[in-house]
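Structure first, commentary second.
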Amino acid sequence: MLCGQVFSIHAGKGLKVNVVIDLGANPGFATQAGNLANMGARIIDASSGTLGLLLDVKRALDEREIVCFLADRGPKEGRVVAVPFFGRDVDWHLGPFEIAARFGKPLVSFTCVKKGWSPGAVHEVTLEELWDGSDQPEAANSANSASHVRPNPETLLRRYVMTLEKQVAAAPTHWFNFFPFWTNLEGNGRNAQ
Amino acid sequence: MTLVTLQALKADLKKLVVDVANLTHVSPDDIKDDEPLFRDGLGLDSIDLLEIAVHLEKRYGLKVQNDDGGRRALSNLENLAQALHAHLSMAGRQASA
């Protein structure tokens, strides 16, 4: 349910939340999307085409709304960058990080872990700011160290991967991914998954 | 408000496309009006087109929406220039009314 209560809380405060879901990828996503919509989230269907998706995202960001992406999975084509995850390269999609960098919007990782296995167990949500959306000072050894620059999308992606790695290390049984994830596993004598 | 000609807009847009998509191997004059901007045409991807849409809004006040008109406008230079020309004409009429 992607911690739907968080969405409903934000919706109750007048904060509009958009969730990008590829409804064409899995029939089960339609049910999830319906549940999220009932909680006040707006669904942006990624299966309608990337350009349409991006224009919808732009509209939402222009109106200061929150846009959520599933950043730990997605198309393994287009703008992907290999970044190690637990020691093995993974192709990560750069799209969400390019969008954040392009629009200068704060970037926050959102993870949710169920604390315990009893029916009444609570969920612990962790929000970690990866970037506050402002330009940052250039490196001190730069010739122009007084100026500020927007971070590279790949830098933002690497921050996200480090955060996700930390979260998964703390709760390894709470992260799942049914898609081919690590690359170049063949021939190395071990299976990182 | 002086109305910009369609030809002038096309020249401006071609330069914008080359700059935004960092097409180092393409000169603005090389871009054909009816050449698709996306993938098999000029080879732009959706993030490039989003960048163009952002520039159009900042420079001309044209908001490209996710509808048939918006997607058509971003299909090639001719359609983009036509959409922008229509937008500027309307803005000019409203300013002089």
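Computed values, structure above
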item	result
Residue among A:LEU61, A:LEU55, A:LEU94 that alone is in contact (Cβ under 8 Å) with a residue 60 or more places away in the chain, within 14 Å of chain B (Cβ to nearest Cβ) and crowded, with 17+ Cβ neighbours inside 10 Å	A:LEU94
Odd one out for B:SER46, checked against (1) crowded, with 19+ Cβ neighbours inside 10 Å; (2) closer than 16 Å to B:GLN82 by Cα	(2)
Evaluation of B:ALA8 against (1) within 14 Å of another protein chain (Cβ to nearest Cβ); (2) modelled with pLDDT of 85 or more (one fails), failing number	(1)
Scan of the stretch B:65-97 for residues that are within 13 Å of B:LEU16 (Cβ to Cβ) and outside any helix (DSSP H, G or I), ordered by number	B:LEU74
Close pairs (6 angstrom Cβ cut-off, 6 or more residues apart or separate chains): closer than 14 Å to B:HIS25 by Cβ and within 7 Å of chain A (Cβ to nearest Cβ) in the stretch B:36-48, open to solvent by 20 Å² or more (accessible area, probe 1.4 Å) and of a type in the set (Asp, Glu) anywhere	none
Condition met for A:THR50 (of a type in the set (Ser, Thr, Tyr), away from chain B (no Cβ under 14 Å) and open to solvent by 20 Å² or more (accessible area, probe 1.4 Å))	no
Only one of B:ASP33, B:ASP19 that is in contact (Cβ under 8 Å) with a residue 24 or more places away in the chain and either closer than 21 Å to A:SER48 by Cβ or surrounded by fewer than 17 Cβ atoms within 10 Å (Cβ to Cβ) (or both)	B:ASP33
Every pair of residues 6+ apart whose Cβ atoms lie under 6 Å, when the first sits in the stretch B:53-67 and is within 12 Å of B:ALA83 (Cβ to Cβ) while the second is of a type in the set (A, V, I, L, M) and in a loop (DSSP other than H, G, I, E, B)	B:ALA53/B:VAL64; B:LEU56/B:LEU62
Of all residues making up the stretch A:12-34, the number that are polar (S, T, N, Q) and either in contact (Cβ under 8 Å) with a residue 60 or more places away in the chain or in a strand (DSSP E or B) (or both)	1
Among (1) touching a helix residue (DSSP H, G or I) at 6+ places or on another chain (Cβ under 8 Å); (2) over 19 Å from A:ASN18 (Cβ atoms); (3) surrounded by fewer than 20 Cβ atoms within 10 Å (Cβ to Cβ), the one test that A:SER109 misses	(2)
Cβ pairs under 6 Å, 6+ apart, first in the stretch A:106-120 and outside any strand (DSSP E or B), second at pLDDT below 90 and among the acidic types (Asp, Glu)	none
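The values are calculated or read from the model by the stated rules, or taken from the named source; none is laboratory data. Please read all numbers here as calculations on a predicted model, not as lab measurements. FYI the Cβ positions are ideal-geometry reconstructions off the backbone, even for glycines, and counts take in every protein chain you see. Areas reflect the complete protein model, heavy atoms only, side chains present, ligands, DNA and RNA absent. Shrake-Rupley method; radii C 1.70, N 1.55, O 1.52, S 1.80 Å.
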